[in-house]
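> I'd like to ask some things about the structure below.
The values are calculated or read from the model by the stated rules, or taken from the named source; none is laboratory data. All figures in this text were calculated on a predicted structure; none of them were measured in a lab. Note: ideal-geometry Cβ built from the backbone for every residue, glycine included; neighbour counts use all protein chains shown. All accessible areas refer to the heavy atoms of the entire protein, side chains included, with ligands and DNA or RNA removed. Shrake-Rupley method; radii C 1.70, N 1.55, O 1.52, S 1.80 Å.
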Amino acid sequence: MKEIGYKHGGPSDKPEKLFDGSVFDPKADMEAYAASFAVKSIKG
Amino acid sequence: MTSLSTSSRRRFLKTTTATAALLAGLPKGWVGTAYADDAPETTDMKFGIIALTDCSSIVIAHENGLFKKYGINSVVSKGASWAAIRDALSTGDIQATHMLIGMPIASTMGLGGAPKKPMVIPWLLNRNGQAITLKKSLAGKVAADPKKLKPFVDKAKADGTPLTFAMTFPPGTHAMWIRYWLAAGGIHPGDAVGAGADINLITIPPAQMVANMKVDKMDGFCVGEPWNAKTIADEIGFTATTTQAIWKDHPEKVCAFTAEFADKNPKTVKSVLKALHEASVWLDKMENRTRGATIVGGASYINCPPETILGRLQGKYIFGDGRKLKDRRP
């Protein structure tokens, strides 16, 4: 896929700080990350 | 000017006669330097847009004559809401449109309260450029972290007057951004019919967000620009967070066609994409953004002062609560 005007830096698995200050680390335990969400289901 | 000698004129006549004979054998649709094979099957196209900065590629392709360059006689038609745009595309009133990326998927699957209508999205119009706005009275108390909002949500719910948040269309990106942001703060956004919610979540067309916040109909919303910037200009709200801070470089708006139209008119679709490509290249240059903001800010498009549109197009974010940011990917 070609994107105009945007130089993609390639895949990155570096930890990333998100809007609420939490850190997402792609190399860390994904199950633990998912389980850390305050709301885990939108079922009523 | 050099005059042609008799022999030169003869040669010229022979050449042009031969060329005319060749041209006569060409299929209908030869246009200038384009071969008939490139000519669009449908030349009259009506494009739908919603009053948002990210409709710019379509508007610039129209205003800068790029659709015309590729054989399309374009008309740009502003829709009142995303549902109206979807229905106009489904019925064939418009042939291509600015759309939230989730909408063609929902229409193809028959979701979202309309008959199933397969659609295709061969062009991504933009990434990023949306935000979550909160009412002015929450400034200084809540910023990007939704956990700071939770006590206000809990108190309002306990008082029997839950806070109200708006997005632009249920299967759209703004619904996902606001739901994700609230949930990250432990605030339940509710299921598809609102069950289990800690707040009220309503649907409001983008251009009506500011007016609805002015009359105190909502406490926060998620929408594309320039309406978050306009809320700050009108001093009634502030930006809590941008959507690129939730998902860096996320996909946002697309140019959609019905699958039926695209199947019948592949050369038309190709011509539209060529024009959108050129418009996007033009818009991508920072030096063209002042002119771009002036064009799309016009009454028939976004109908918003260009200076309100321009700042965030240039990556200059003033949040309205004292925070500022120079965003490299606005």
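> Just to verify a result, which residue in the stretch B:140-156, among those that are in contact with a Gly (Cβ under 7 Å, 6 or more places away or on another chain) and either outside any loop (DSSP other than H, G, I, E, B) or surrounded by fewer than 19 Cβ atoms within 10 Å (Cβ to Cβ) (or both), is nearest to the other protein chains (Cβ to nearest Cβ)?
Going residue by residue through the stretch B:140-156, those that are in contact with a Gly (Cβ under 7 Å, 6 or more places away or on another chain) are B:145-147, B:149-150.
Next cut, either outside any loop (DSSP other than H, G, I, E, B) or surrounded by fewer than 19 Cβ atoms within 10 Å (Cβ to Cβ) (or both) only: B:145-147, B:150.
Working: B:145: 4, B:146: 6, B:147: 7, B:150: 9 Å.
Only one residue tops the list, namely B:145.
> While we're looking at this one, here's another question. For the stretch B:220-241, give me each residue that is hydroxyl-bearing (Ser, Thr, Tyr) and more than 11 Å from chain A (Cβ to nearest Cβ).
Initially, the stretch B:220-241 is screened for residues hydroxyl-bearing (Ser, Thr, Tyr), giving B:231, B:239, B:241.
Residues satisfying the conditions are B:231, B:239.
> Right, next: Go through the stretch B:303-327 and report how many residues are in a helix (DSSP H, G or I) and of a type in the set (Lys, Arg).
Quick first cut of the stretch B:303-327, residues in a helix (DSSP H, G or I) only: B:306-313.
After this cut, where a residue has to be of a type in the set (Lys, Arg) as well, the list is B:312.
Final tally of qualifying residues: 1.
> Among the residues in the stretch B:162-173, are any assigned by TED's automatic domain parsing to the domain that holds residue B:240, assigned to a loop (DSSP other than H, G, I, E, B) and touching a Cys at 6+ places or on another chain (Cβ under 9 Å)?
Going residue by residue through the stretch B:162-173, those that are assigned by TED's automatic domain parsing to the domain that holds residue B:240 are B:162-173.
Narrowing further to those that are assigned to a loop (DSSP other than H, G, I, E, B): B:162-163, B:168-172.
Filter once more, so that each one left must be touching a Cys at 6+ places or on another chain (Cβ under 9 Å): B:168.
Yes, the stretch B:162-173 contains at least one residue that is assigned by TED's automatic domain parsing to the domain that holds residue B:240, assigned to a loop (DSSP other than H, G, I, E, B) and touching a Cys at 6+ places or on another chain (Cβ under 9 Å).
> May I pose another question? Here are B:221, B:257: which of them is under 23 Å from residue B:78 (Cα atoms) and in the same structural domain as residue B:117 (by TED's automatic domain parsing)?
Details: B:221 fails: in the same structural domain as residue B:117 (by TED's automatic domain parsing).
B:257 is the lone residue from the list that is under 23 Å from residue B:78 (Cα atoms) and in the same structural domain as residue B:117 (by TED's automatic domain parsing).
> On the given criteria, is residue B:295 within 13 Å of residue B:55 (Cα to Cα), modelled with pLDDT of 95 or more and among the aliphatic types (A, V, I, L, M)?
On the way: within 13 Å of residue B:55 (Cα to Cα): yes; modelled with pLDDT of 95 or more: yes; among the aliphatic types (A, V, I, L, M): yes.
Considered against the rule, which asks whether it is within 13 Å of residue B:55 (Cα to Cα), modelled with pLDDT of 95 or more and among the aliphatic types (A, V, I, L, M), residue B:295 comes out as yes.
> To continue, here is another question. Give all pairs with beta carbons closer than 6 Å in which a residue from the stretch A:20-34 that is away from every other protein chain (no Cβ under 12 Å) meets a residue that is open to solvent by 50 Å² or more (accessible area, probe 1.4 Å); count only pairs at least 6 apart in sequence or on separate chains.
Here the result reads A:23/A:15; A:23/A:17; A:25/A:15; A:26/A:13; A:27/A:13, each pair linking the stretch A:20-34 to a residue that is open to solvent by 50 Å² or more (accessible area, probe 1.4 Å).
> Please find, within the stretch B:80-99, the residue that is nearest to residue B:315 (Cα to Cα) out of those that are of a type in the set (A, V, I, L, M) and open to solvent by 40 Å² or more (accessible area, probe 1.4 Å). Working first, answer last.
Kept after step one, since they are of a type in the set (A, V, I, L, M), are these residues of the stretch B:80-99: B:80, B:83-85, B:88-89, B:94, B:96, B:99.
Subsequent filtering for residues that are open to solvent by 40 Å² or more (accessible area, probe 1.4 Å) retains B:80, B:84.
Numbers: B:80: 28, B:84: 31 Å.
Checked the stretch B:80-99; the qualifying residue nearest to residue B:315 (Cα to Cα) is B:80.
> What tally of residues in the stretch B:242-284 results from selecting those that are in contact with a helix residue (DSSP H, G or I) (Cβ under 7 Å, 6 or more places away or on another chain), within 13 Å of another protein chain (Cβ to nearest Cβ) and within 29 Å of residue A:24 (Cβ to Cβ)?
So the count comes out to 3.
> Turning to a different aspect of this structure: Residues of the stretch B:214-241 being open to solvent by 10 Å² or more (accessible area, probe 1.4 Å) and either touching a strand residue (DSSP E or B) at 6+ places or on another chain (Cβ under 9 Å) or on the phi > 0 side of the Ramachandran plot (or both), which ones?
Restricting attention to the stretch B:214-241, the residues satisfying the condition of being open to solvent by 10 Å² or more (accessible area, probe 1.4 Å) are B:214-217, B:219, B:225, B:227, B:229-230, B:232-236.
Matches in the stretch B:214-241: B:216, B:217, B:219, B:225, B:227, B:229, B:232, B:235, B:236.
> Do we find that residue B:196 is facing chain A (nearest Cβ under 7 Å) and closer than 21 Å to residue A:24 by Cα in this structure? Please lay out each step first, then the result.
On the way: facing chain A (nearest Cβ under 7 Å): yes; closer than 21 Å to residue A:24 by Cα: no.
Taking the combined requirement at face value, the residue does not satisfy it.
> Are any residues in the stretch B:157-174 of a type in the set (A, V, I, L, M, F, W, C) and more than 34 Å from the chain's Cα centre (by Cα), and if so, which ones? Give the derivation first.
Residues of the stretch B:157-174 that are of a type in the set (A, V, I, L, M, F, W, C), as a first pass: B:158, B:163, B:165-167, B:169.
Matches in the stretch B:157-174: B:158 only.
> So in the stretch B:168-187, with the set limited to residues that are closer than 19 Å to residue B:224 by Cβ and open to solvent by less than 10 Å² (accessible area, probe 1.4 Å), which one is modelled with the lowest pLDDT?
We begin by selecting, within the stretch B:168-187, every residue closer than 19 Å to residue B:224 by Cβ; these are B:168-182.
Checking the rest, the ones that are also open to solvent by less than 10 Å² (accessible area, probe 1.4 Å) come to B:168, B:172-175, B:178, B:181-182.
Numbers: B:168: 95, B:172: 91, B:173: 94, B:174: 96, B:175: 95, B:178: 97, B:181: 96, B:182: 96.
Among those residues, the one meeting the criterion is B:172.
> Criterion first (within 22 Å of the chain's Cα centre (by Cα), of a type in the set (Val, Ile, Thr), assigned to a helix (DSSP H, G or I) and more than 14 Å from chain A (Cβ to nearest Cβ)) does residue B:85 satisfy it?
When the stated conditions are applied, residue B:85 passes them.
> Across the stretch B:36-79, which residue is modelled with the lowest pLDDT among those that are in a helix (DSSP H, G or I) and open to solvent by 30 Å² or more (accessible area, probe 1.4 Å)? Steps first, please.
The first filter runs over the stretch B:36-79 and keeps only residues in a helix (DSSP H, G or I), leaving B:36-38, B:53-63, B:66-69.
Filter once more, keeping what is open to solvent by 30 Å² or more (accessible area, probe 1.4 Å): B:37-38, B:62-63, B:68-69.
Details: B:37: 76, B:38: 84, B:62: 98, B:63: 98, B:68: 98, B:69: 97.
Among residues in the stretch B:36-79 that are in a helix (DSSP H, G or I) and open to solvent by 30 Å² or more (accessible area, probe 1.4 Å), the one modelled with the lowest pLDDT is B:37.
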